[in-house]
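Have a look at the structure below, then the notes.
The values are calculated or read from the model by the stated rules, or taken from the named source; none is laboratory data. None of the values given here were measured: they were computed from a predicted structure. Every residue, glycine as well, gets a Cβ built from its backbone with ideal geometry; the counts of neighbours run over all protein chains shown.
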């Protein structure tokens, strides 16, 4: 009988939760309504963007806890890369996200 260590269980749980968040974020990105309260209050576009940002940050933190390499911006991993494909350009940044905040300076 194989017994899992507490560390292995914690890592497995963190990765599972991150995967669930990834699915939820995908739904929000696809336009699924986001209900913020039990009484039927639906999120505005601004609230959806804030929720997505917070969920993505938590997802990346959970992947890191699980020992899974994840992009700090979009949360992609080796197992679940960006839709258009990507590679690692830094330890925690994929090529799809690397150019999003880049500023190009052209010498005259």
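Brief remarks on what is shown
- The set of residues in the range 7-23 being surrounded by fewer than 16 Cβ atoms within 10 Å (Cβ to Cβ) and within 15 Å of the chain's Cα centre (by Cα) consists of 16, 20, 23.
- Set 4, 50, 58: member being touching a helix residue (DSSP H, G or I) at 6+ places or on another chain (Cβ under 8 Å) and surrounded by 11 or more Cβ atoms within 10 Å (Cβ to Cβ): 58
- Residues located in the range 62-77, provided they are crowded, with 22+ Cβ neighbours inside 10 Å, touching a strand residue (DSSP E or B) at 6+ places or on another chain (Cβ under 8 Å) and under 14 Å from residue 17 (Cβ atoms): 63, 70
- Residue in the range 30-40 that is within 12 Å of the chain's Cα centre (by Cα) and either assigned to a strand (DSSP E or B) or without any contact (Cβ under 8 Å) to a residue 12 or more places away in the chain (or both) present: no
- A single member of 14, 57, 79 is modelled with pLDDT of 85 or more and outside any helix (DSSP H, G or I), and it is 79.
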